[in-house]
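Student: Got a structure here, written out as structure tokens. Questions coming.
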């Protein structure tokens, strides 16, 4: 009986330790993020035309790719020195709605190297970046 308890305890402890370990780039918990009222309900009204995507790509490459990588895999040249590592946008955009993406790009994220871009980029540019990021696989 004591051997079974020790075995079960050891398995439980290993499970807990592995759940706490973070070997992958963090993803935001879209269900736990409290979006400020100024961003709630924001949606991208830009059609994903070739012009919008081209402009979004240009802005993304200038402002985002150093950390998030050219294809949103969190593997940009600056990513190796960032703790925590940049979000993997190729995955994150699939679960994040427009208001969350717009908020994060605008305001950044505390505890990470993600800075807010609202003083550098126009709202239109942020929406174009979001349109472009939504093309990542």
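Rule-based calculations on the coordinates, nothing more; no lab input. Quantities reported herein were computed from a predicted structural model and do not represent experimental measurements. Positions of Cβ are generated from backbone atoms using ideal geometry, with glycine treated the same way; all protein chains shown enter the neighbour counts.
Student: Starting with the highest mean, order 81-87, 119-125 by the number of other Cβ atoms within 10 Å, averaged over the residues of each peptide. Working shown, then result.
Tutor: Details: 81-87: 15.7, 119-125: 12.7.
Averaged packing, sorted descending, gives the order 81-87, 119-125.
Student: If neighbour count is taken as other Cβ atoms inside 10 Å, put 59, 129, 34 in order from fewest to most. Working shown, then result.
Tutor: Values: 59 20, 129 26, 34 6.
Lowest count first: 34, 59, 129.
Student: Does a label point 7 Å from the Cα of residue 58, set along Cα-to-beta-carbon, have any residues of segment 110-137 with amide nitrogen under 17 Å, and which are they?
Tutor: So the set is 121-133.
Student: Fewest Cβ neighbours within 10 Å first, please rank 94, 109 accordingly.
Tutor: By the 10 Å Cβ count, ascending, the order reads 94, 109.
Student: Label-point separation (nm) for residue 51 and residue 137, each offset 7 Å from Cα along Cα-to-Cβ?
Tutor: 2.9
Student: Okay, moving on. Could you work out the relative contact order of segment 65-137, using alpha carbon pairs under 8 angstrom and six or more residues apart, expressed as a whole percent?
Tutor: That works out to 27 percent.
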